[in-house]
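Structure first, then comments.
The values are calculated or read from the model by the stated rules, or taken from the named source; none is laboratory data. Bear in mind the structure is a predicted one, so any value in this text is a computation, not a measurement. Cβ coordinates were reconstructed from backbone atoms using ideal geometry, including for glycine residues, and neighbour counts include every protein chain displayed.
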Amino acid sequence: MQYGERCAKMDIVQYAYTIRTEGGIVMARRCVVCDKRTETGNIRSHAENKARRTWKPNLQKVRMIVKGAPVRAYVCTRCLKSGKVQRAI
């Protein structure tokens, strides 16, 4: 099962709980809520030079409450601002 398929079938609480119970195996630079990840593309200069580049999401390592217990996970700032994550204090 692919990473995206697994996320689509679970809500954030189930997914974050699985992260915690499976030893925290998570790929880097990926939001656990919205699955935002690194995008790749080209830089094109005025002289039409081509070069590969990446756009990285603004991820923050936060402690959030999952099933009554705090869990550390990487969440993008867009999900934090929209209130999709209940942070642990």
Item to check | Within segment 65-89, considering residues that are charged (D, E, K, R) and more than 11 Å from the chain's Cα centre (by Cα), the one farthest from VAL33 (Cα to Cα) | outcome: LYS67
Checklist entry - How many residues, within segment 53-89, are assigned to a strand (DSSP E or B) and more than 18 Å from ARG29 (Cα to Cα)? => result 5
Checklist entry - Which residues, taken from segment 14-40, are at pLDDT 70 or above and loosely packed, with under 10 Cβ neighbours inside 10 Å? => result ALA28, THR40
